[in-house]
Amino acid sequence: MIRQMIRDFGVREILPHMMEWDEQQVFPVELFRKMGDIGLMGMLVPEDYGGSGLGYAEYVTALVEVSGIDGSVGLSMAAHNSLCTNHILSFGSEEIKQKYLPRLASGEWIGAWGLTEPNTGSDAANMRTVAVRDGNDFILNGSKNFITHGISGNVAVVIARTGEKGDSHGMTAFVVEKGTKGFTSGKKENKLGMRASETAELIFQDCRVPRSQVLGEEGDGFIQSLKILDGGRISIAALSLGMAVGAFEAALKYSKERHQFDRPISSFQGISFKLADMATQIEAARLLTFRAAELKDRSLPVSKESAMAKFFASETAVRVATEGVQIFGGYGYTKDFPAEKYYRDAKLCTIGEGTSEIQKIVIARSVLQ
Ligand SMILES: Cc1cc2nc3c(=O)[nH]c(=O)nc-3n(C[C@H](O)[C@H](O)[C@H](O)COP(=O)(O)OP(=O)(O)OC[C@H]3O[C@@H](n4cnc5c(N)ncnc54)[C@H](O)[C@@H]3O)c2cc1C
């Protein structure tokens, strides 16, 4: 039902506009409101807070479908659901959950999540943004880089240093609303792919945030972020899988229609072996992704499995999208066919929410234990 609903929605609301959004780098805020109406913006949020009350298996199913149509929309859906909204759901006080979750789950508000900084990406724990206690408030100073919905987000979860550098318990997560004095947006990135998903800087200059906006305990922000990323990486695996499937289906169809040497190109072993490799890698990525989703739904440890799913599915998406362009030949290099967009969009997945190298560090640490 989820898959069919999204296919119908995608044909109506995404497909007719997505190339224009991509070319112009338009972040389609209205689309996300409509996605909220059909339950896609609060998938993991319980019904009591206005969400869909679903689990990771359903969430992954939905993300695969959305991303098969447009990776940018999938990326924004993932950042909103499993980073910002899920951080508030997992660690917010009852008051904070009541305040933000219904608006986020309905799509009325768009959420952002800020961990990365200009000088600290993979090494996020070395962040420079600081939050200094002042009575019952904290004063935030610093900036966050590459933040999805950095301009259009109505609310952001922001991780800032409240203790010593190098102390994993020296960071705290805050919920900061757009419009808070001292909180502004900076440069919007001009990107290779995922161009309809807005990526921008968050700037904090003497931004006063009440202590009541802290998520969970002071000092737990980084540890919370690692847990949030365990779930987030399953969503990037799903995003990758969706784009890989989209790229594969387009190439498969084209290979049967395109004739060279009086035969469909699919009849050449050189092309059919590519399709066999692509199909096999996609199935392996699917199994890893749904396995991680299942563990997460059963509240079992998932760090290694989500890193494996993210690593394998993202590298698969890049390989499949690259072969997709090759199967389309010269037409694959033009904007007349979807192959080039999958190729550009897929690359983000080996970088965002931890690069492939960082996933291997997580996996190696686990297997070497
Ligand atoms: C489109 C987009 C959206 C994003 N959205 C968000 C968001 O919403 N919120 C957010 O907080 N962040 C976001 N990010 C940031 C993203 O998570 C980081 O870009 C990513 O974690 C990598 O950090 P970096 O870019 O600083 O690269 P670096 O950490 O500088 O890495 C550069 C290279 O060095 C390698 N490297 C680094 N350390 C090691 C090591 N120890 N061993 C081996 N290799 C290493 C990396 O793998 C990479 O190849 C987004 C990024 C993009 C591009």
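State the Cα centre-to-centre distance between segment 251-308 and segment 321-369 in whole Å.
Measuring centre to centre over Cα atoms gives 13 Å.
Of the heavy-atom accessible surface of segment 214-369 (probe 1.4 angstrom), what whole percent is carbon and sulfur?
Ligands and nucleic acids excluded, carbon and sulfur reach 58 percent.
Can you tell me the FRET efficiency between Ser212 and Ile361 if r is taken as the Cβ-Cβ distance and R0 is 35 Å, rounded to the nearest 0.05?
Calculated transfer efficiency: 0.45.
At 1.4 Å probe radius, can you tell me the per residue accessible area of segment 14-155 in Å²?
35 Å²
Tell me the per residue accessible area of segment 248-369 using a 1.4 Å probe; a whole number in Å² is fine. Write out the running numbers ahead of the final one.
Working: 6690 Å² over 122 residues.
Heavy-atom accessible area per residue stands at 55 Å².
Of all the accessible heavy-atom surface of segment 66-131, with the other protein chains kept in place and a 1.4 Å probe, what percent is carbon and sulfur?
For segment 66-131, the apolar C and S fraction of the accessible surface comes to 47 percent.
Full-extension gain between Glu94 and Ala57, please, as 0.36 nm times their residue separation minus the C-alpha to C-alpha distance.
Gain on stretching Glu94 to Ala57: 10.7 nm.
Equivalent ellipsoid semi-axes for the chain, as square roots of 5 times the alpha carbon gyration tensor eigenvalues: give them largest first, rounded to whole Å.
Largest first, the chain gives 36, 21, 19 Å.
When only C-alpha pairs under 8 Å and at least 6 residues apart count, what is the relative contact order of segment 86-240, in percent?
On the way: 318 pairs, mean separation 39.8, N = 155.
The normalised contact order for segment 86-240 reaches 26 percent.
Which of the pairs Lys97/Lys191; Lys253/Lys335; Lys99/Lys360 have their Cα atoms more than 28 Å apart in this structure?
As for pairs spanning more than 28 Å Cα to Cα, those are Lys97/Lys191; Lys99/Lys360.
Run the numbers on segment 234-313 and let me know its relative contact order in percent, using alpha-carbon pairs under 8 Å that are six or more apart.
This gives 43 percent for segment 234-313.
Less than 13 Å apart at the alpha-carbon level, and either on another chain or at least 8 residues along: which aspartates and glutamates does that give for Lys304?
The qualifying aspartates and glutamates are Asp230.
Return the distance in nm (one decimal) between the two label points of a simple spin-label model at Thr334 and His169, each offset 7 Å from Cα along Cα→Cβ.
6.3 nm
Need one number: % antiparallel among DSSP beta bridges in the chain, to the nearest 5. Walk me through the numbers on the way to the answer.
Numbers: 29 of 35 bridges.
The answer is about 85 percent antiparallel.
Can you sort Asp297, Asp206 by solvent-accessible area, 1.4 Å probe, largest first?
On the way: Asp297 70, Asp206 105 Å².
Largest accessible area first, the residues go Asp206, Asp297.
I want to check the label-to-label distance for Thr280 and Glu47. Put each point 7 Å from Cα in the C-beta direction and report it in nm to one decimal.
Output for this residue pair reads 4.5 nm.
Which one of His80, His17, His149 has the biggest mean-square fluctuation once the chain is modelled by GNM with Cα springs under 10 Å?
His17
Quick one: compute the contact order of the chain, relative version, from alpha carbon pairs under 8 angstrom and 6+ residues apart, as a percent.
Values: 762 pairs, mean separation 62.5, N = 369.
This gives 17 percent for the chain.
The values are calculated or read from the model by the stated rules, or taken from the named source; none is laboratory data. Remember, predicted model here, so these are calculated numbers, not experimental data. Ideal geometry is used to build each Cβ from the backbone, glycine not excepted, and the neighbour counts take in all protein chains shown. Just the protein is used for accessible areas: all its heavy atoms, side chains included, with ligands, DNA and RNA removed. Shrake-Rupley method; radii C 1.70, N 1.55, O 1.52, S 1.80 Å.
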